[in-house]
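Each value in this text was obtained by applying a stated rule to the coordinates, not by laboratory testing. None of the values given here were measured: they were computed from a predicted structure. No Cβ is skipped: glycine too gets one built from the backbone with ideal geometry, and neighbour counts run over all protein chains shown.
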Amino acid sequence: MSSEKKHSATVSPVVPSKPARYTRHNDYTGMSRSFDIIVIGGGLVGGAIAWGAASAGASTALIDEGDIAFRAARGNFGLVWVQSKGAGMPPYAHWTRRSADLWPRLAGALQETTGTDVALHQPGGLVFCLSQSEFADRAALVARMHNESGDAGTRMLDRNEVRAMVPGLGDAVVGAAFCPRDGHANPLQLMRALHSGMVSKSGTYFPGCTVTAIEPGSHAFTVRCGGEHFTAAKLVIAAGLGSRALAPMVGLDMPVRPLRGQILVTERLRPLLLHPTHVMRQTQEGSMMLGDSQEDVGFDTSTSTKVIGEIAARNVRVLPALADARIIRIWGALRVMSPDGFPIYDQSTRYPGAFAATCHSGVTLAGAHALALAPAILAGTLPESLAAFSASRFAAGEGAR
Ligand SMILES: Cc1cc2nc3c(=O)[nH]c(=O)nc-3n(C[C@H](O)[C@H](O)[C@H](O)COP(=O)(O)OP(=O)(O)OC[C@H]3O[C@@H](n4cnc5c(N)ncnc54)[C@H](O)[C@@H]3O)c2cc1C
């Protein structure tokens with residue numbers, strides 16, 4: 001007993017910074033249901049916008065359907081990826097670069113307010129080329145994007161340069177593209193930090209709440225979830241694949257469809273890869289994540305040994321040490337894809353105050369969604385730089401389907 005006292009008097013205990021309480025509301029009776037802004041969809045897109053709105057002082061409701069929904073945010077790869085984003089669409093390349101540049105600010109703010117480390121690491125990313133023709137195609141893409149959208153810092157590296165960065169490199173690799181702005185983060189920690197950070201400001205999270213109707217009124221929108229309802233003058237539909245059905249209720253169009261990706265996770269390994277690639281990254285804990293396929297299979301989230309085998313085989317050619325690694329997890333998850341693969345940001349012309357937001361890179365774009373899009377929505381106008389992302393671009397084409 002005395003030695004314990006002595007011990008506690010001389011050694012300072014390590015007290016972790018207290019995380020904000022992760023308040024959930026499942027009993028909605030008696031709560032104020034009037035907010036400055038309602039965000040429908042508690043995935044990475046809705047979570048980032050809601051965090052940005054609450055951080056700016058707006059009373060914010062984040063409404064989420066819960067585990068019965070398809071939730072891309074819970075099955076993704078965790079890249080903050082710049083180098084290949086926006087070929088043929090310079091505004092997307094610029095928006096992505098801006099988001100990657102904003103990411104350290106977001107990660108710092110989340111750490112400060114929630115105590116959660118989202119494991120952001122932006123050491124630059126590699127895209128390995130396994131043949132001369134792959135190398136030539138990649139070099140052409142890098143040159144094209146440079147001409148279209150300016151210099152993102154991406155350059156082609158020959159095999160010797162890549163080998164200096166990746167000591168265990170396989171013989172099959174002839175070179176790589178490297179972009180210093182690429183990085184990765186822990187997407188589940190990001191989700192948690194966005195939600196708890198929002199709640200620690202002026203936000204309220206309503207999980208297990210399926211929006212069934214949105215009624216535009218003269219001063220506010222009424223959002224109905226079964227027998228419950230919420231009102232706000234501003235509304236953001238960021239419900240991933242659920243957005244398609246909700247958007248027409250406020251004169252918006254979000255013609256999104258699922259695209260499956262499968263991911264493998266290995267046991268924890270010694271440090272093998274300091275730089276993430278678009279299909280392989282080593283997490284802070286040491287696991288290697290491998291992925292991710294692009295499969296048009298509707299709402300099927302299952303996995304297949306054929307695709308898993310192909311992913312593993314290609315990555316073993318890049319890093320032969322992986323051949324001995326044990327796979328501990330495999331999953332399939334559905335991306336939220338627009339017809340051309342680029343984001344949709346819109347404000348309803350029929351019902352101003354109602355906004356649409358969706359993309360297939362919710363990790364990468366979290367910085368921009370939280371720190372640039374959310375303030376613009378609160379101010380009531382999307383900036384000119386986002387005009388190219390209106391769904392009106394689909395009016396005469398695929399989106400009209
Ligand atoms: C395999 C895979 C790998 C990926 N890798 C990356 C990557 O490396 N980097 C990157 O940036 N992005 C990546 N992504 C994409 C990223 O995960 C998504 O962009 C992001 O999760 C989409 O977020 P979201 O919020 O739009 O959709 P979701 O995460 O699907 O969230 C939508 C939410 O809306 C809710 N909802 C739906 N309908 C309703 C309703 N009627 N009422 C209330 N709530 C509703 C659901 O409950 C759900 O939680 C990947 C995705 C997949 C599938």
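Reducing the range 187-256 and the range 328-401 to their Cα centroids gives an inter-centroid distance of 14 Å. Relative to the Cα centre, the charge distribution of the chain, modelled as +1 at Lys and Arg Cβ and -1 at Asp and Glu Cβ, gives a dipole magnitude of about 620 debye.
Take the Cα of residue 68, step 7 Å toward its Cβ, do the same at residue 147, and the gap between the two points is 5.2 nm. Do you know the relative contact order of the range 257-337, to the nearest whole percent, from alpha carbon pairs under 8 angstrom that are 6+ apart? It rounds to 47 percent for the range 257-337. Convex hull volume of the Cα atoms of the range 125-180, normalised per residue: 61 Å³. Overall dimensions of the range 111-215, expressed as equivalent-ellipsoid semi-axes from the Cα gyration tensor (√(5λ), whole Å, largest first), are 40, 19, 14. Peptides 270-276, 146-152, ordered by how many other C-beta atoms sit within 10 Å of their residues on average, highest first, read 270-276, 146-152.
Rounded to the nearest 20, the size of the Cβ-charge dipole of the range 49-129 about its Cα centre is 340 debye, with Lys and Arg at +1 and Asp and Glu at -1.
For the listed peptides 326-335, 259-268, a ranking on the average number of other beta carbons within 10 Å per residue, highest first, reads 259-268, 326-335. Evaluated with a Cβ-only charge set (Lys, Arg +1; Asp, Glu -1), the range 290-368 carries a dipole of roughly 220 debye about its Cα centre, given to the nearest 20.
With bins 10 Å wide beginning at 0, the percent of Cα pairs of the range 257-337 falling in each bin runs 19, 51, 25, 5.
Protection proxy ranking, highest mean first, for peptides 76-82, 347-353: 76-82, 347-353, where packing is the per-residue count of other beta-carbon atoms within 10 Å, averaged.
Cβ-Cβ distance of residue 387 and residue 323, R₀ of 51 Å, FRET efficiency by 1/(1 + (r/R0)^6): the value works out to about 0.55.
Which whole-number percent of Cα pairs in the chain have a distance greater than 40 Å? Roughly 19 percent, once rounded to a whole number. Take the Cβ-Cβ distance between residue 111 and residue 202 as r, set R0 to 22 Å, and report the resulting FRET efficiency rounded to the nearest 0.05. After rounding to 0.05, the efficiency reads 0.65. Across the chain, Cα pairs under 8 Å and at least six residues apart give a relative contact order of 24 percent.
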